[in-house]
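The values are calculated or read from the model by the stated rules, or taken from the named source; none is laboratory data. As the structure is a prediction and not an experimental result, all values here were calculated from the model. Methodologically, a virtual Cβ is constructed for each residue, glycine included, from the backbone with ideal geometry; neighbour enumeration extends over all protein chains shown.
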């Protein structure tokens, strides 16, 4: 993009591995010269709603630095963000940032921040998640990767091309195995809690019966430990 580029559309998404748990957020801005800017980040202990709000906040902060096309749209799959931004805030502010029942507004710090970042004419548009929308799928991937500590290269102002760190040339089966081990190393280092479904996906259905029964087991260099019959912890085996 160049200094004269006009932002024509944006998308945001948040993700959380557990709720609360490790979270991530992602944002994407598209420009009239077909260039794109991607942003993302993570927090260790958060909620899905906070990540959805953070994604919108960080993207609005970036948008403030660019010229936007008329009737600019920011797309999100979070009705929580849209309803709050367009409706709820009005009543909360009228009530001194209290709900209709007099309770404190949840995530007040983020709602106050997003209210300060309002852009005249900006439209928040709902898009159903995982429905094939290209921009939503991309910000979902950014947010999910950050929430799980998975490396990902994103398009920046300086870098106009983007590839995932694991999408390299090489024998397909070996590459997949390398990717799985790299992911497990990340999870073990960060001590992330994985659900049974996430662990099953990571192991490509291997040891599925043990996963369903929450039985401790080992695979190659790794030990998988059930926690409260709800989550899994990955540890590296000592040799």
Unique residue being surrounded by fewer than 19 Cβ atoms within 10 Å (Cβ to Cβ) and under 12 Å from the mean Cα position of the chain (by Cα) when the list is 41, 24, 14: 41
Residue 150 vs. criteria surrounded by 16 or more Cβ atoms within 10 Å (Cβ to Cβ) and in a loop (DSSP other than H, G, I, E, B): yes
Tally of residues being touching a residue at least 40 places away in the same chain (Cβ under 8 Å), surrounded by fewer than 23 Cβ atoms within 10 Å (Cβ to Cβ) and either under 12 Å from the mean Cα position of the chain (by Cα) or assigned to a strand (DSSP E or B) (or both) across the range 27-36: 2
Some residue of the range 82-95 being assigned to a loop (DSSP other than H, G, I, E, B), without any contact (Cβ under 8 Å) to a residue 40 or more places away in the chain and surrounded by fewer than 17 Cβ atoms within 10 Å (Cβ to Cβ): yes
Check on residue 101, modelled with pLDDT under 95 and either under 24 Å from the mean Cα position of the chain (by Cα) or exposed (fewer than 15 other Cβ atoms within 10 Å of the Cβ) (or both): yes
